[in-house]
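Visitor: Below are the structure tokens for one structure; questions will follow.
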Amino acid sequence: MNQWVSQWQGVRQQITAIEQSHHRHPGEVNLLAVSKTFPAEAVVEVARAGQRHFGENYIQEGVDKMAQVAALAPELAHELVWHCIGPVQSNKTRQVAAHFQWVHTVDRLKIAQRLSDQRPAHLPDLNVLIQVNMDGGDNKSGVPPQEAIDLAQSVSALPRLRLRGLMSIPEPTQDPARALAIHQATRDVLAQLQLALPHIRPDVLSMGMSADLDPAIAAGANWVRVGTAIFGKRT
Ligand SMILES: *Cc1c(COP(=O)(O)O)cnc(C)c1O
């Protein structure tokens, strides 16, 4: 079997085992396969095995890969769901709005407004997550948690966008208790958001990567974003 496919199966089994150990409902945690820096062939292999959702960080790379995947495997082109998980600059919003179905990294109203304005009329609403910076980490992306609710409220009022929840990328830590506490704090922000927007009930919590699946799922993640454990180390 293809290496990417066997590693993908291993990650799926790992997620199932973690769900069980934390008494999460089976199948509650969705897997986003992060294919950044890997070729279209890798996406096609894993997609043929059954994976549907793919995450890309770099907009141009993602858009090019979508076209390559469609050329290699036309039967898959309409099955796959692409998530933008990298920073979105103003000059990239048009491409994001035209090509992706999800954006995990909204942290400024201006970007959300542009995505809303630029979402093509023939496409369904764009699913968006507010990126929260829970630990003041180096990676300067994300709103501080105390600003997340206000931003989410403004975003939820924009046409052509559908506010689905929150995303976070905590700084890597060797301390499992700290990793768990940060993920739990993110879950608490989602609970506040649900109280603030009861008519929308955003319920997505995108957190957990190859190295911190266990604490993320323990804390309530329902989307995990996994690259390395499926595709291998990036160079
Ligand atoms: C690269 C990336 C991932 C995947 O990280 P791995 O450690 O390779 O699993 C997840 N989320 C974001 C935002 C990323 O940039």
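Visitor: With a length cut of 24 Å (Cα positions projected on each helix's long axis) and a Kyte-Doolittle mean of at least -0.5, go through the chain and give me the DSSP H helices that pass.
Guide: Helices meeting the span and hydropathy rule in the chain are 176-196.
Visitor: How many nm is it between the label spots at H22 and D175, if each spot is 7 Å from the Cα in line with the beta carbon?
Guide: It is 1.9 nm.
Visitor: Can you tally the net charge around V96? Count Lys and Arg as +1, Asp and Glu as -1, for every other residue whose Cβ sits under 13 Å from the Cβ of V96.
Guide: +2
Visitor: Averaged per residue, what accessible surface does the stretch 109-206 expose to a 1.4 Å probe, in Å²?
Guide: 50 Å²
Visitor: Next question, about the same structure. Within the stretch 130-202, which trypsin sites (Lys or Arg not before Pro) sit in a loop by DSSP and count at most 12 neighbouring Cβ atoms inside 10 Å?
Guide: K140
Visitor: Among A121, A47, A112, which one shows the highest mean-square fluctuation when the chain is modelled as a Gaussian network with alpha-carbon springs under 10 Å?
Guide: A121
Visitor: With Cβ to Cβ distances under 9 Å as the rule, what net charge do the other residues near L151 carry (K, R +1; D, E -1)?
Guide: -2
Visitor: Before rounding to the nearest 500, sum -39500 (n - 2.57) across all DSSP H runs of length at least 4 in the chain and divide by the residue total; then give [θ] at 222 nm in deg cm²/dmol.
Guide: After summing the helix terms and dividing by the residues of the chain, the value is -13500 deg cm²/dmol.
Visitor: Any chance you could check the Cα centroid distance between the stretch 113-152 and the stretch 36-79 for me, in angstrom?
Guide: 24 Å
Visitor: Taking the Cα centre of the chain as origin and charging only Cβ (+1 Lys, Arg; -1 Asp, Glu), how large is the dipole, in debye to the nearest 20?
Guide: Using only the charged Cβ atoms, the result is roughly 440 debye.
Visitor: What percent does the relative contact order of the chain come to when contacts are Cα pairs within less than 8 Å and at least six residues apart?
Guide: That works out to 20 percent.
Visitor: What residues from the stretch 114-138 fall in the zone where the backbone N is under 18 Å from a label point 7 Å along the Cα-to-C-beta line of S90?
Guide: Residues 114-119 fall inside that zone.
Visitor: Taking the dipole about the Cα centre of the stretch 147-219, with the C-beta of Lys and Arg at +1 and of Asp and Glu at -1, give me whichever of T173, P159, L195 is farthest to the positive side.
Guide: P159
Visitor: Most mobile of D117, D175, D214 per a Gaussian network model of the chain (Cα springs, under 10 Å)?
Guide: It is D175.
Visitor: Among Q51, Q113, Q20, which one shows the biggest mean-square fluctuation in a GNM of the chain, springs joining Cα atoms closer than 10 Å?
Guide: Comparing Q51, Q113, Q20 in the GNM, the peak value goes to Q20.
Visitor: Under a Cβ-Cβ cut-off of 12 Å, what is the net charge of the residues other than L190 that fall near it, where Lys and Arg count +1 and Asp and Glu count -1?
Guide: For residues surrounding L190, the net value is +1.
Visitor: What is the chain by shape, rounded, prolate or oblate, if you read a ≥ b ≥ c off the alpha carbon gyration tensor as root eigenvalues and call it rounded for a/c under 1.5, prolate for a/b larger than b/c, and oblate otherwise?
Guide: oblate
Visitor: Ok, one more. Post the alpha-carbon centroid distance, the stretch 1-22 to the stretch 198-231, in whole angstrom.
Guide: Taking the Cα centre of the stretch 198-231 as reference, the centre of the stretch 1-22 is 14 Å away.
Visitor: Further question on the same structure: Quick check: at a probe of 1.4 Å, how many percent of the accessible area of the chain sits on carbon and sulfur atoms?
Guide: 51 percent
Visitor: Which whole-number percentage describes the relative contact order of the stretch 150-235, with Cα contacts under 8 Å and a sequence gap of 6 or more?
Guide: Once divided by the residue count of the stretch 150-235, the mean separation gives 27 percent.
The values are calculated or read from the model by the stated rules, or taken from the named source; none is laboratory data. Just so it is clear, the model here is predicted, and its values are computed rather than measured. Neighbour counts are summed over all protein chains in view; Cβ atoms, including those assigned to glycine, are modelled from backbone coordinates with ideal geometry. Heads up: the accessible areas ignore ligands, DNA and RNA and are worked out on the full protein's heavy atoms, side chains in. Shrake-Rupley method; radii C 1.70, N 1.55, O 1.52, S 1.80 Å.
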